[in-house]
Amino acid sequence: MMNFNTVTAALDWMGIVAFAISGAIVASRKQMDIVGFVVLGTVTGIGGGTLRDLLLGQSPVFWVREPAYLVVCTVISAAMFFVPRIPESRYRLVLWIDAIGLALFAVTGAERALVLGSHPVVAIVMGVITASFGGIIRDVFANQSPVVLSYEIYVMAALAAAGVFVSLSLAGAPRDLAMACGLAVGAGLRALAMRFGWSLPRYTKN
Amino acid sequence: MMNFNTVTAALDWMGIVAFAISGAIVASRKQMDIVGFVVLGTVTGIGGGTLRDLLLGQSPVFWVREPAYLVVCTVISAAMFFVPRIPESRYRLVLWIDAIGLALFAVTGAERALVLGSHPVVAIVMGVITASFGGIIRDVFANQSPVVLSYEIYVMAALAAAGVFVSLSLAGAPRDLAMACGLAVGAGLRALAMRFGWSLPRYTKN
Amino acid sequence: MMNFNTVTAALDWMGIVAFAISGAIVASRKQMDIVGFVVLGTVTGIGGGTLRDLLLGQSPVFWVREPAYLVVCTVISAAMFFVPRIPESRYRLVLWIDAIGLALFAVTGAERALVLGSHPVVAIVMGVITASFGGIIRDVFANQSPVVLSYEIYVMAALAAAGVFVSLSLAGAPRDLAMACGLAVGAGLRALAMRFGWSLPRYTKN
């Protein structure tokens, strides 16, 4: 029988892999050495969940309790260093995987907060932090303006995923259904935004 | 009868509002979208207190226990997105409110550390961190050189506020009096620095 | 009788002093005021250990329990502000002291994690974080691209130091011997890299 937790775990690992690859790609654009690849890849992959654990008082943080996350991020980012001429088409592929990771981290991050008895608003924010903070730290480390804060429907998609999941959970929906809906809405919104070039309007000074 | 705790609470909220607005104004200068406004506004409003709680081992952090802070920061920063042509005169007004927030966060941050039995030096540093770290994170997120570290008497005013409060508390002064003096010195120093363009001398290479 | 813990403590303090000076030197290059010197110096000196403590769930963090670290960082960075024309030759000297601090922080950071029962991989990562994160935060605060992520054999030296220490410890070597070997390998690798201008190859796009 299909076990949803296994699906979740599989998607969770997919998300970490996607985020680690996105960190490594930024490192390649900055022409860093292999250490830079590993640091950026790992920070992007586990950064959001680390901040979530710290804020919720879950310490030591998840990868101290479960070092496999650390090992996988390290191996993947290091391997990326040896990929010659990372092409734009591959970058597009990563963005699509990344959309799933984003939505899943938003849902699982929110769920961890709910399980701990947090207020729904806090749970939604924890989902957003888990999904997007890795990318923010990546951009700060790489000394580039955080992409998620200026251009794309990214934090918004995380917000939608976490919001749908938390709302359905509070309305009494089964956990699996609420997670699936949150995942679909978040990944779908992000995918549509990428496919059709949607972006939120930016503030204009005049 | 006037309850000083109510005054403190009122000023605390004023400080959060001022800091949230300052984050939103930086977002407007960077022409971010509404998500950027909310992230920068919230980070600036609650960032300093969050770091303080983590360092002191007070977890989960304050806004996880009391989500109203989060909601207020979000609503205010989102509302700022719809303010057309944020003028310089309004920016000046914010700086004045901000001076009060700075002093108050310095005092309340130091007090929380003292209540937990921290060393006076630690208490002063916690006051400075609570008052200034939100602005530092804001500038790092916005990819601009942290203003507080280069130009203005800002961290210095927080230091004065926390230092006066901690010194008077250790000397046996009533808590309310010590807080009022710290607040007056910190806000006054910052206001005078703004009014007369004071700044600390910068290091010269030759 | 010579007590190794005293040697460790002495080198630990040397490391903190070296890192505080390196933060102050970056502040001098950015022509900051004295507050900038103190903030950058202190952040560089205690930043790595602070993050390590937070991730391992050791709270409050070490300098809250032992404020002497804070006082020493503050006094040294403030004193650096009054050093006229910080010359390049002095900067070289700092880099050599810094190599010792790097190796020692890598070893002591890893040891703290091992003592708490962490997985060896986690212990090595904690060593690297303790040794290098102060410098990363320093560069982010100073709005310059993190040096450790792009050019020098720095994180690599920390990795070697922590890796040798953890491997020897797991192999049953006495703690003092394992620490001495880790220290020698880390500081030696960093010193050789500086002396001969070694750097890791960087990713090339074509």
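The values are calculated or read from the model by the stated rules, or taken from the named source; none is laboratory data. Remember, predicted model here, so these are calculated numbers, not experimental data. No Cβ is skipped: glycine too gets one built from the backbone with ideal geometry, and neighbour counts run over all protein chains shown. Calculation scope for accessible area: heavy atoms of the full protein, side chains included, ligands and nucleic acids excluded. Shrake-Rupley method; radii C 1.70, N 1.55, O 1.52, S 1.80 Å.
Taken over region A:155-170, residues that are within 13 Å of chain B (Cβ to nearest Cβ) and open to solvent by less than 20 Å² (accessible area, probe 1.4 Å) amount to 5. Here B:Ser89, B:Ser77 are screened, and the one residue that is at pLDDT 90 or above, of a type in the set (S, T, N, Q) and out of contact with any His (no Cβ under 9 Å at 6 or more places or on another chain) is B:Ser77.
Out of C:Thr50, C:Thr42, one residue alone is crowded, with 20+ Cβ neighbours inside 10 Å, modelled with pLDDT of 90 or more and out of contact with any helix residue (DSSP H, G or I) (no Cβ under 6 Å at 6 or more places or on another chain). It is C:Thr50. Here is the figure for region A:129-146: residues that are within 14 Å of chain C (Cβ to nearest Cβ) and either open to solvent by 30 Å² or more (accessible area, probe 1.4 Å) or within 9 Å of A:Val26 (Cβ to Cβ) (or both) total 8.
For region C:26-39, the set of residues classified as surrounded by 23 or more Cβ atoms within 10 Å (Cβ to Cβ) and among the aliphatic types (A, V, I, L, M) consists of C:Ala27, C:Met32, C:Val35, C:Val38, C:Val39, listed by residue number. Would you check which residues across region C:111-125 are more than 8 Å from every other protein chain (Cβ to nearest Cβ), within 13 Å of C:Leu55 (Cβ to Cβ) and at pLDDT 95 or above and list them? If the condition is that a residue be more than 8 Å from every other protein chain (Cβ to nearest Cβ), within 13 Å of C:Leu55 (Cβ to Cβ) and at pLDDT 95 or above, then C:Ala123 is the only one that fits. Note on region B:60-89: residues that are closer than 27 Å to A:Ser59 by Cα and either open to solvent by 60 Å² or more (accessible area, probe 1.4 Å) or hydrophobic (A, V, I, L, M, F, W, C) (or both) amount to 10.
Note on region C:171-206: among residues that are charged (D, E, K, R) and more than 14 Å from chain A (Cβ to nearest Cβ), the one that is surrounded by the fewest Cβ atoms within 10 Å (Cβ to Cβ) is C:Arg195.
Looking only at region A:109-120, which residues are farther than 18 Å from B:Ser59 by Cβ and either open to solvent by 20 Å² or more (accessible area, probe 1.4 Å) or of a type in the set (Phe, Trp, Tyr) (or both)? Step through it out loud before you land on a result.
Here is the first cut: in region A:109-120, the ones farther than 18 Å from B:Ser59 by Cβ are A:110-111, A:120.
A:Glu111, A:Pro120, listed by residue number.
Condition check for C:Gly172 on (1) free of Cβ contacts under 8 Å to residues at least 40 places away in the same chain; (2) on the phi < 0 side of the Ramachandran plot: one failure, at (2).
The set of residues in region C:21-68 being without any contact (Cβ under 8 Å) to a residue 60 or more places away in the chain and within 14 Å of chain A (Cβ to nearest Cβ) consists of C:Thr50, C:Asp53, C:Leu54, C:Gly57, C:Gln58, C:Ser59, C:Pro60, C:Val61.
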